[in-house]
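Read through the structure below, which is laid out as structure tokens, and then see the notes.
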Amino acid sequence: MSVNSRFGQLALHPFVDRRSGNLRWVVIAAVAVAVLMVYVGGKVQFYRIGYQIEALETQKRDLERANRSLQIEASSLTAPARIEEIAVKRLGMVRPPKENIVVVKRMAAPSGHKEDRGGR
């Protein structure tokens, strides 16, 4: 729809066209910002997970080191020589004479049968 005047033909709808053009740019900008936010959010999450993995690997190494130390300590605490030393020095036990030592050997289980170990 247009109106004739002395300046020529004036259109009444150029504002509508300009508004839809502006709206188009706003929508494009909003979509671009949303895509950028998703991208940046993904990168942030990627780095956060990377730092978590690094921290967990460090913790794993520390735990493995502590586990090795505990295994060494456990093996030294259960060493027969140490147990004998504690029995003799702290508890006052003595080694029996050789003639009082009796060695008992276990009989082999018949082939094809499992050895009975008590509780079922």
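Every number in this text was worked out from the coordinates using simple rules, so none of it is lab data. Everything quoted here is computed from the prediction, not taken from an experiment. Don't worry about glycine lacking a Cβ; one is built from the backbone with ideal geometry, like all the others, and counts go over all protein chains shown.
Computed on the Cα trace of the range 13-93, the radius of gyration divided by the Kirkwood hydrodynamic radius gives Rg/Rh = 1.76. Label sites at Ser75 and Arg24, each approximated as a point 7 angstrom past Cα along Cα to Cβ, lie 7.7 nm apart. A simple rule links phi to the HN-Hα coupling: the Karplus curve 6.51 cos²θ - 1.76 cosθ + 1.60 with θ = phi - 60°, which for the range 36-44 gives 4, 5, 5, 5, 5, x, x, 5, 4 Hz, with x for Gly and Pro.
In order along the range 76-83, the Karplus-derived 3J(HN,Hα) couplings, from 6.51 cos²θ - 1.76 cosθ + 1.60 at θ = phi - 60°, round to 6, 6, 9, 5, x, 5, 5, 4 Hz, and Gly and Pro are given as x.
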